[in-house]
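The values are calculated or read from the model by the stated rules, or taken from the named source; none is laboratory data. Here the structure is a predicted model, which means the values were calculated and not measured. Because the Cβ atoms are built from the backbone with ideal geometry, glycine has one as well, and the counts that use them run over all protein chains shown. Please note that ligands, DNA and RNA were not included when accessible areas were found on the heavy atoms of the full protein model with its side chains. Shrake-Rupley method; radii C 1.70, N 1.55, O 1.52, S 1.80 Å.
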Amino acid sequence: MAESRRLRFALAVARWIGGPAAAAGSPFGDTLAAVTGTVDDSAGWVSFQGGPNDRDASEIQQLYTDALTAWRKNPMAKRIIDCTVDYVLGDGITPSATGQIGQFITKWWDHPKNHMTRRLPELSEELARAGDLFLTLHTNPVDGISYVRPVPKDRIIKIETLPNDWETEIAYYETQEAREPRKWLSPHHPDAADAPAIMVHYSVNKVVGALLGESDLGTMLPWLLRYSRLLEDRVRLHWAARAFMWIVTVPSNLVAAKQEQYRTTPDTGSIIVKDDAEDWKAVSPDLKGFDAHYDMRALRQMIDAGSGMPPHWRGEAHDVSLATAQAMEHSASRHLRRRQLYTRFLVADLTHQAYTRAAHMGKVRGKPNFAAITVEMTDIDRVDNKDLADAAHTIAQALDIAARTTATGHSDTLRRLALRLILRFGGETLDEDTVNTILDEADSAPGTEPDEDTDK
């Protein structure tokens, strides 16, 4: 009896700590109801030390755990992250450069201990899911190749910055089991060149005054949880709706006899012969399922607003026409393009840091040059290519007509203007040196002398 009372008391305490989600069976698990935190064996609690607008340690850990759990258990959350990564990476991202820098990049990018082409989708998922990406570069002193290894966000307990510049991060502290936190130097630290390994940090959705970013799922987590609970409740109700009971109406003097006759429910497929005095009616629950349709759609709209993606991207077409779908994709494409540009910077910066470490060790002769690294990426929306091509073709025709009608076809000013406008409408821009090179090559090519009739 005493053990039973202790067990009931322990269960009551667990339900009180877990909150309503633990009692109701949260679809994301108990982790969404309880506050989680990182605890080590050192004296006291270890909390994250960051910028003035960073969340406290419990919130950071809670959001990271909730986003990871939602991505693992909620199909809508996973679909949002997958769409972001698929559109941002497209057919793949590869950095390149000329000369010795390009040779090193190819060797580093495809190294068996890196396999960056295969690893980049996982890193992009972590960046979108956690809001931060912490990568360590372990440099081999023999050949200068740096091996990339990610560190989970929830293991970083402190970010150290310059005293007078909180945007310049110089060190990171990773919690260790039963040991003192490990200190990783940033590339901006004065001693980074001599360190056997460094850490780089990339973040998205970062608030001014904060050192950590936030998950793409952050604003959607409460609505994903509400939608999951509502959907689970509807599934349970529809399961119960399959149960029904019979109400048999008979004369008053036959009630007792019929109760005894139908004490055992007739089997499915049974044939019952009755007279007009006996009336059968099946009664089942009325769930008002059509009314719930509006509530569930409202929750999905909140989730779509948080993701910035149109409903048909997650398979909800409804009555959306082709024109409406194309219009809805424009804002999503702009948002994804912004993330793609940051990913391009991430790849170029990571490549630059790897090459810089090799240069500091004397394993490469070329001087580090961030501007020499180019990163080719797939267009977010390939429909834009047709629009740009049509615009470039139209402006080229207009300029050709202008040149013919004004008899200035060989005007150097008009040629420069035409070249710039055509390529600008085509989505490219040229500097002055490139324009001069193109025009000089065109003038020096055989068969480009002006026609005498045209000059007249």
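Key figures for this structure:
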{"item": "Net charge of neighbours whose Cβ lies under 12 Å from the Cβ of Q261, counting Lys and Arg as +1 and Asp and Glu as -1", "result": "+1"}
{"item": "Label-to-label distance, nm, for residues given as I247 and E177 (7 Å Cα→Cβ offset)", "result": "6.3"}
{"item": "Sites A305 and E441 - FRET efficiency at Förster radius 56 Å, r taken between beta-carbons, to 0.05", "result": "0.60"}
{"item": "Principal semi-axes in Å for the range 90-130 [√(5λ), Cα gyration tensor, largest first]", "result": "23, 11, 8"}
{"item": "Nearest-10 value in Å² for the accessible area of H138, using the 1.4 Å probe", "result": "60"}
{"item": "Label-point separation, T265 to F370 (7 Å along Cα→Cβ), nm", "result": "7.2"}
{"item": "Probe 1.4 Å, accessible area per residue of the range 51-143, Å²", "result": "44"}
{"item": "Within the accessible area of the range 120-198 (1.4 Å probe), percent carbon and sulfur", "result": "50"}
{"item": "F134 accessible area, 1.4 Å probe, all protein chains in place, Å² to nearest 10", "result": "0"}
{"item": "Calculated from backbone phi, Karplus (6.51, -1.76, 1.60) coupling profile of the range 96-113 in Hz, x at Gly/Pro", "result": "8, 6, 9, x, 5, 4, x, 5, 5, 4, 4, 5, 5, 5, 9, 4, x, 8"}
{"item": "Residues whose placed amide H lies under 5 Å from that of G131, excluding near-sequence neighbours", "result": "D216"}
{"item": "Local electrostatic count at I93 - Lys and Arg +1, Asp and Glu -1, tallied over other residues with Cβ under 10 Å", "result": "-1"}
{"item": "W313 accessible area, 1.4 Å probe, all protein chains in place, Å² to nearest 10", "result": "20"}
{"item": "Ranking by accessible area, most exposed first, for Y173, Y87, Y355 with a 1.4 Å probe", "result": "Y87, Y173, Y355"}
{"item": "Solvent exposure, largest accessible area first (probe 1.4 Å, DNA, RNA and ligands not counted), of T94, T378", "result": "T94, T378"}
{"item": "Within-11-Å neighbourhood charge of M116 [Cβ basis; K, R +1; D, E -1]", "result": "+1"}
